[in-house]
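Below you'll find the structure, written out as structure tokens, and then a few comments.
The values are calculated or read from the model by the stated rules, or taken from the named source; none is laboratory data. Owing to the predicted nature of the structure, the values given are computational and were not obtained by experimental measurement. Virtual Cβ from ideal backbone geometry, glycine too; neighbours counted across all protein chains shown. The protein model used for the area step is the full one, side chains on, heavy atoms only, and it has no ligands, DNA or RNA in it. Shrake-Rupley method; radii C 1.70, N 1.55, O 1.52, S 1.80 Å.
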Amino acid sequence: MTARTSRPETVSFDNTDPELITHLYERINDVQSRCPVAWSDASTGFWMLTKYEDVVEASRDWETYTVTEGIMIPPTGASMPVIPAELDPPRHSKLRKLVLPNFTEKALEPWVPGIRRIIADAFEPLLPAGKADIVVDVARPVPVLAICLILGIDTDWRRIRRLAEEFLAATGKPELARAKAAELEAFLEEEIEARRGEPVKDLLGAYVNAEIDGELIPERELLGLVQLLVVAGHETTVNGMGMLLYRLVSEPGLRDRVLADRSLVDKVIDETLRLHPPVWNMGRTVREQTTLRGSTLCPGEKVMLVYGGANRDPDKFEHPGEFDIDRPGITQHLTFGSGRHRCIGEALARLELRLTLNYVLDTIPDVELDGEPSFSGGTNQFGPRAMPVRFASVT
Ligand code: HEM
């Protein structure tokens, strides 16, 4: 890749720098205000699109910005594409059509009691003590248990959680990343194999036996699909849930407003997701040369869609750095992406967040911080790692 250090668009921004998350939004805002289409020499080199309009347009224009060269910057160590996120049409549309109907709000209705149970089970042992780490004890286990419940994976969820977390954490460290990807793939292969040729008993079994254009889904594609559902289905939601609970305990006056009017719960969720997108960027690769705000993007160059910038673009959201549940267009953030790759799990993530927030308001409405929370992030993720809280003991 040609170094572009002589270019006027060059900024210093390295998403593999572990220090970045301590001042992530300061850095993104700085890049956005100085150079909305910026070039970074870090890792493989990449363009950064930080304006709302540009991120929407690049997400829509799959012919110019392809996903088939990978959507992580730098790449993960996965030996195969994640499906359907790294497919272009027409194959993408066929796989999306298979999966999306299982994850709509309506399709998820039968799972509501099960997910409520998972949330209550996570909280119940903590209630008598009146103390917990709400991220470690609740936000971490709930999403992985929910996706396993829906897929029908009832083996040790701690193992799958560890495998998925290590896989994501290894991004940018090629050898480790390959090893972690192989471990996760081996586990999922076992789950798939156990369902081959068997009567369909669960959603994973339905995918194993599903046909597209009269043919079973090829092994590698199936593995890529299940891998994405498992990985995308939990770390993201852990971060979203953690930030939501953080806002509840730290935003002055918020708790009283929501306790008095539960119809505000969804607004609190959206405003938290806008300000703190759990996935703050995704990648694309330029397929056809294009010009954007005067910069020439050449074939083969990586492009980072910076949702964390788009969601705080002052041309789209007034006072973008403020938490304001009364803002107009509160749902228009790009936290779940945009266009044909928009998140398939959006309704599931929203459901988990809504049920958890309502559980907290019903059961431990006096919850407050009991120490400093800590935050962490990867090359494209951000969220709390630990958050000690206290509340009146419930027996
Ligand atoms: C708060 C939680 C979540 C966030 C912030 C989130 C974010 C995203 C984003 C930004 C994309 C778009 C990627 C792109 O355009 O390249 C995406 C795609 C996707 N997400 Fe999520 N996600 C969340 C939860 C989930 C859950 C629970 C599932 C499990 C079902 C899931 C499954 C997927 C899948 C399968 C795709 C690929 C869609 C496609 O390519 O057509 N996500 N997600």
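Just wondering, is there one or more residues in segment 378-392 that are closer than 22 Å to Arg274 by Cα, touching a Phe, Trp or Tyr at 6+ places or on another chain (Cβ under 7 Å) and open to solvent by 40 Å² or more (accessible area, probe 1.4 Å)?
Scanning segment 378-392, I find at least one residue that is closer than 22 Å to Arg274 by Cα, touching a Phe, Trp or Tyr at 6+ places or on another chain (Cβ under 7 Å) and open to solvent by 40 Å² or more (accessible area, probe 1.4 Å), so the answer is yes.
Do you know which residues across segment 85-110 are assigned to a helix (DSSP H, G or I), over 20 Å from the mean Cα position of the chain (by Cα) and not acidic (Asp, Glu)?
In the first step, residues of segment 85-110 are kept if they are assigned to a helix (DSSP H, G or I); the result is 91-103, 105-110.
Remaining after also requiring over 20 Å from the mean Cα position of the chain (by Cα): 91, 93-94, 97-98, 106-107, 109-110.
Across segment 85-110, the qualifying residues are Arg91, Ser93, Lys94, Lys97, Leu98, Lys106, Ala107, Pro110.
Looking for whichever is open to solvent by 60 Å² or more (accessible area, probe 1.4 Å), at pLDDT below 90, of a type outside the set (Gly, Ala, Ser) and touching a Gly at 6+ places or on another chain (Cβ under 9 Å) here; the options are Leu168, Leu176. Which one fits? If you could, list the steps in order and put the result at the bottom.
Numbers: Leu168 fails: open to solvent by 60 Å² or more (accessible area, probe 1.4 Å).
Result: Leu176 is the single residue among Leu168, Leu176 that is open to solvent by 60 Å² or more (accessible area, probe 1.4 Å), at pLDDT below 90, of a type outside the set (Gly, Ala, Ser) and touching a Gly at 6+ places or on another chain (Cβ under 9 Å).
I'd like the full set of residues that are open to solvent by 10 Å² or more (accessible area, probe 1.4 Å) and away from the ligand (no atom under 12 Å from the Cβ), limited to segment 255-277.
Restricting attention to segment 255-277, the residues satisfying the condition of being open to solvent by 10 Å² or more (accessible area, probe 1.4 Å) are 255-257, 259-264, 266-267, 276.
Across segment 255-277, the qualifying residues are Arg255, Asp256, Arg257, Leu259, Ala260, Asp261, Arg262, Ser263, Leu264, Asp266, Lys267.
As an exercise: evaluate Gly283 against (1) farther than 23 Å from Asp270 by Cβ; (2) modelled with pLDDT under 95; (3) within 13 Å of the ligand (Cβ to nearest atom) and give the number of the one condition it does not meet.
(2)
Would you point out the residue of segment 74-108, among those that are among the β-branched types (Val, Ile, Thr) and modelled with pLDDT of 95 or more, that is nearest to Ile212 (Cα to Cα)? Please lay out each step first, then the result.
Within segment 74-108, the first condition is being among the β-branched types (Val, Ile, Thr), and the residues that meet it are 76, 82-83, 99, 104.
In the following step, the residues that additionally are modelled with pLDDT of 95 or more were identified as 99, 104.
Values: Val99: 12, Thr104: 20 Å.
Here the residue is Val99.
Going by the conditions given, is Thr290 polar (S, T, N, Q), touching a strand residue (DSSP E or B) at 6+ places or on another chain (Cβ under 7 Å) and within 16 Å of the ligand (Cβ to nearest atom)? Let's see the steps before the verdict.
Values: polar (S, T, N, Q): yes; touching a strand residue (DSSP E or B) at 6+ places or on another chain (Cβ under 7 Å): yes; within 16 Å of the ligand (Cβ to nearest atom): no.
The answer is no for Thr290.
The rows are residues; the columns are (1) near the ligand (Cβ under 9 Å from one of its atoms); (2) in contact with a strand residue (DSSP E or B) (Cβ under 7 Å, 6 or more places away or on another chain).
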{"residue": "Glu211", "(1), (2)": "no, no"}
{"residue": "Leu225", "(1), (2)": "yes, no"}
{"residue": "Ala232", "(1), (2)": "yes, no"}
{"residue": "Asn239", "(1), (2)": "yes, yes"}
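Filter segment 1-32 down to the residues that are surrounded by fewer than 18 Cβ atoms within 10 Å (Cβ to Cβ), modelled with pLDDT of 95 or more and farther than 21 Å from Pro384 by Cα and list them by number.
Asp30
I'd like the full set of residues that are surrounded by fewer than 24 Cβ atoms within 10 Å (Cβ to Cβ) and more than 18 Å from Leu369 (Cα to Cα), limited to segment 234-254.
Within segment 234-254, Thr236 is the sole residue that qualifies.
Starting from residues that are near the ligand (Cβ under 10 Å from one of its atoms), in a loop (DSSP other than H, G, I, E, B) and aliphatic (A, V, I, L, M), keep the ones in segment 58-84 and report whichever is farthest from Phe167 (Cα to Cα).
The residue in question is Val67.
Considering every residue within segment 139-155, establish whether at least one is hydroxyl-bearing (Ser, Thr, Tyr), open to solvent by less than 10 Å² (accessible area, probe 1.4 Å) and within 28 Å of Leu98 (Cβ to Cβ).
So the first thing to find is which residues in segment 139-155 are hydroxyl-bearing (Ser, Thr, Tyr), and the list is 155.
Still in the list and also open to solvent by less than 10 Å² (accessible area, probe 1.4 Å): none.
No, the conditions are met nowhere in segment 139-155.
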